[in-house]
1. Which pairs do you get when a residue that is over 28 Å from Lys79 (Cβ atoms) and open to solvent by 50 Å² or more (accessible area, probe 1.4 Å), found in region 1-29, comes within reach of a residue that is at pLDDT 55 or above and part of a helix (DSSP H, G or I), reach meaning Cβ atoms under 6 angstrom, with the pair 6+ apart or on two chains?
2. In region 69-86, how many residues are under 15 Å from Trp18 (Cα atoms) and open to solvent by 80 Å² or more (accessible area, probe 1.4 Å)?
3. Within region 60-81, count every residue that is over 10 Å from Leu26 (Cβ atoms) and in contact with a helix residue (DSSP H, G or I) (Cβ under 7 Å, 6 or more places away or on another chain).
4. Of everything in region 30-68 that's in a helix (DSSP H, G or I) and of a type in the set (S, T, N, Q), which residue is least open to solvent (accessible area, probe 1.4 Å)?
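The values are calculated or read from the model by the stated rules, or taken from the named source; none is laboratory data. Computed from a predicted structure; not experimentally measured. Counting neighbours? That spans all protein chains shown, and the Cβs are built from the backbone with ideal geometry, glycine included. SASA here: full protein model, heavy atoms, side chains in, ligands and nucleic acids out. Shrake-Rupley method; radii C 1.70, N 1.55, O 1.52, S 1.80 Å.
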Amino acid sequence: MPQKSADTAASDTSHARWEKLAFDLLKSEMREKKINYKELSRRLEALGLDELPDQLNRKVNRRRFSAAFLLACLVAMEKGVLILPRAADMKPK
């Protein structure tokens, strides 16, 4: 199995914070609105996006999805206002 280069490992680490933020945003909105993957799938379908509930579950829990996917999910869940952390709170430690 090939080893990751130091640059790739550092990139993975720096992206991990953002992937966690996106995952936390999506999951907290699902919890708040009491939306499961089946319901999210139905709502995305109404927007013209075909994602089966099992596919959504895998995609979200892998924590590697596009900004477009995140935005589509937030719109489908009718998220009106998005409060993001301050840049100072997201700096590497």
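1. Close Cβ pairs satisfying both conditions: none exist.
2. Qualifying residue count, region 69-86: 4.
3. Within region 60-81, the first condition is being over 10 Å from Leu26 (Cβ atoms), and the residues that meet it are 61-62, 64, 66-68, 71-72, 75-76, 78, 80-81.
Right, trim to in contact with a helix residue (DSSP H, G or I) (Cβ under 7 Å, 6 or more places away or on another chain) and you get 64, 72, 76.
Result for region 60-81: 3.
4. Within region 30-68, the first condition is being in a helix (DSSP H, G or I), and the residues that meet it are 30-33, 37-46, 53-62, 67-68.
Checking the rest, the ones that are also of a type in the set (S, T, N, Q) come to 41, 55, 57, 61.
On the way: Ser41: 15, Gln55: 77, Asn57: 62, Asn61: 76 Å².
Here the answer is Ser41.
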